[in-house]
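The values are calculated or read from the model by the stated rules, or taken from the named source; none is laboratory data. Not measured: the values here are computed from a predicted model. Here the Cβ is made from the backbone with ideal geometry for all residues, glycine too, and neighbour counts use every protein chain on show. To get the accessible areas, we keep the full protein, side chains included, count just its heavy atoms, and leave off ligands, DNA and RNA. Shrake-Rupley method; radii C 1.70, N 1.55, O 1.52, S 1.80 Å.
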Amino acid sequence: MITKTSSIPKKIGTAVVGFAILIGSIGKFAPHLFMNLPFPLSIILWASTGNSMPPYFMDDAWKEDEIDSWMKDGDLVVATGAKSGTTWMLYCTHQIRTKGTDLDDELYPDVSLTTPWPDLRQSRKANWIQQKERLNTTILPDGRALRDLWDHPSYPFRIFKSHFAPPDLPVTKKGGKKIKYMAMARNGIDVAASMTPFYSAHTDRFRNLWGGFPPVIDESSYDSAEPPAAVKDILPGGPLGFFYFGYVKKWWEYRKEPNVILLHYSDIRKDLKGGVRRIAKFLDVDLNPKELNTVTERCGIEHMRKANKFLYRLPLNDDPEALWDLEKDHIINSGSFVKTGGIGTGAAIFSDKVVAQWKKAEEDEFGHNPALLKWAREGGDFPSE
């Protein structure tokens, strides 16, 4: 005889299964709905149902059967590591292609307008096909066509941003468009030190768009015994572990490809003019001595701080809930992107325990190749083989 009491666990089990199926279905067909929930539940449900992290990243633009539909021969993908000089290199390669002649940044009102970021999902429900169309059709509040900024006829090549690495980027794809890739790594503990305040540098408008991610990190946690949230995220096994360890290992394998230039942040910081010269050569841009000096000056931290063109607007956002104002809103708080960019100074903000944990992770991930471990930490010439 089955009593009412004995049927309760069965009902509970059925309800749990039903709820799990519901959550799984939302995660597959309408994951943007999770972004209406409070953090961290929003991100837990997003990630646990198989969606990529962070929630505003997508790699569809780089698929082998898609990339040739929108790229041109000679285009450059600035695929630097997160917090490893990406915005710096986007602006600097623009200076190289214009030979420093865009003196008032008429063609560079904001980094996201002139050097687009195809990885970035700009609306909660957006996909790459929709955003590709909007890249070509959007009219900005000042009346200019967005395409006139990123695809200006005077450019010898277009520049696009990415944080991905091969094989997500089809670097060795056979046939199709001839595309160049710039990759840049940085001392890992410096990346962690830059990533930690970067979480908090995002505007509330952007954070609210993505379910509270990335969270604000209390400065008092920087030197605690446990890694701050941003550091936990990028350590091996974290939801953003590919941002550093996976990224460095992947690009190291492709450092000798003729369409790849793999740089180290430390080397460019120590010799900016030499770095500009090397990058220009890779891009087949001839700079005379005067142009080289002008471009080098404009690639410097002081000039970039004055320029302040790095708020990262979302020109392709079309959320019907009016979650974003193209004219007013931006991803990053003003002044948060262009820092001093120190070399080897990151360890100072963390506790000895966290620094030791990071160094052990480096040895675990890179230690099988001493040359890679040394280069990842310090930069310098690649080993002769």
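Things to note:
- When the chain is described by a simple charge dipole with +1 on each Lys and Arg Cβ and -1 on each Asp and Glu Cβ, the residue from 27, 248, 259 located farthest towards its positive end is 27.
- 3J(HN,Hα) along the stretch 67-81: 4, 6, 6, 9, 8, 10, 4, x, 4, 10, 9, 8, 9, 6, x Hz, from the Karplus curve 6.51 cos²θ - 1.76 cosθ + 1.60 with θ = phi - 60°, whole Hz, x for Gly and Pro.
- Computed magnitude of the charge dipole of the stretch 1-113 (debye, nearest 20; Cβ of K, R +1, Cβ of D, E -1): 1260 debye
- Computed from Cα positions, the angle between helix 128-137 and the longest principal axis of the chain comes to roughly 40 degrees.
- The mean sequence separation of alpha-carbon pairs under 8 Å and at least six residues apart, normalised by the residue count of the chain, gives a relative contact order of 23 percent.
- For the stretch 260-369, the convex hull drawn through the C-alpha positions has a volume of 213 cubic angstrom per residue.
- Accessible area of the stretch 103-216 belonging to carbon and sulfur atoms, whole % at 1.4 Å probe: 52 percent
- Charged-residue dipole, Cβ positions (Lys, Arg, Asp, Glu), the chain about Cα centre, Debye nearest 20: 520 debye
- For the chain, the solvent-accessible area of protein heavy atoms averages 47 Å² per residue (probe radius 1.4 Å; ligands and nucleic acids excluded).
- Taking a sphere under 11 Å around the Cβ of residue 130 and counting the other residues whose Cβ falls inside, with K and R at +1 and D and E at -1, yields a net charge of +1.
- Using just its DSSP H runs of length 4 or more, each adding -39500 (n - 2.57), the chain gives a mean residue ellipticity at 222 nm of -12000 deg cm²/dmol after division by all residues.
- Charge tally in the Cβ shell below 9 Å around residue 66, where Lys, Arg are +1 and Asp, Glu are -1, residue 66 excluded: -2
- In the distance distribution for the chain, Cα-Cα pairs more than 38 Å apart total 20 percent.
- Pairwise FRET efficiency - residue 216 versus residue 359, Cβ, R0 = 30 Å, nearest 0.05: 0.65
- Between helix 4-29 and the chain: long-axis angle, C-alpha atoms, 0 to 90°, nearest 10: 20 degrees
- Positive minus negative residues near residue 306 (Lys, Arg vs Asp, Glu; Cβ under 13 Å): -1
- Per-residue packing, averaged as other Cβ atoms within 10 Å, sorts the ranges 174-185, 82-93, 214-225, 149-160 into the order 82-93, 174-185, 149-160, 214-225, beginning with the highest.
- For the stretch 1-136, projected area of the alpha-carbon convex hull averaged over all directions, nm²: 12.9 nm²
- Computed about the Cα centre, the dipole magnitude for the stretch 281-364 is approximately 500 debye when only Lys and Arg (+1) and Asp and Glu (-1) carry charge, each at its Cβ.
- Options 70, 87, 39, ranked by Cα towards positive dipole end of the stretch 35-111, top entry (Cβ charges): 39
- Residues 117, 210, ordered by accessible area of protein heavy atoms at a 1.4 angstrom probe radius and largest first, appear as 117, 210.
- HN-Hα J in Hz across the stretch 181-186 - Karplus 6.51, -1.76, 1.60, θ = phi - 60°, x for Gly and Pro: 10, 10, 10, 8, 10, 8
- Which of 168, 68, 105 is most accessible, then next, and so on - probe 1.4 Å: 168, 68, 105
- When the charge dipole of the stretch 140-212 is built from unit charges on Cβ atoms (+1 for Lys and Arg, -1 for Asp and Glu) and taken about the Cα centre, the candidate among 150, 211, 192 whose Cα reaches farthest toward its positive end is 150.
- 313, 207, ranked by accessible area, largest first (probe 1.4 Å): 313, 207
- Percent RCO, i.e. relative contact order, over the stretch 259-385, from Cα pairs under 8 Å lying at least 6 residues apart: 23 percent
- Amide H contacts of residue 121 (H built 1.01 Å from N, under 5 Å, at least 5 apart or other chain): 57, 58
- Split the accessible area of the stretch 296-385 by element, probe 1.4 Å, and carbon with sulfur accounts for 50%.
- Convex hull of the stretch 218-258 built on C-alpha atoms - directionally averaged projected area, nm²: 3.9 nm²
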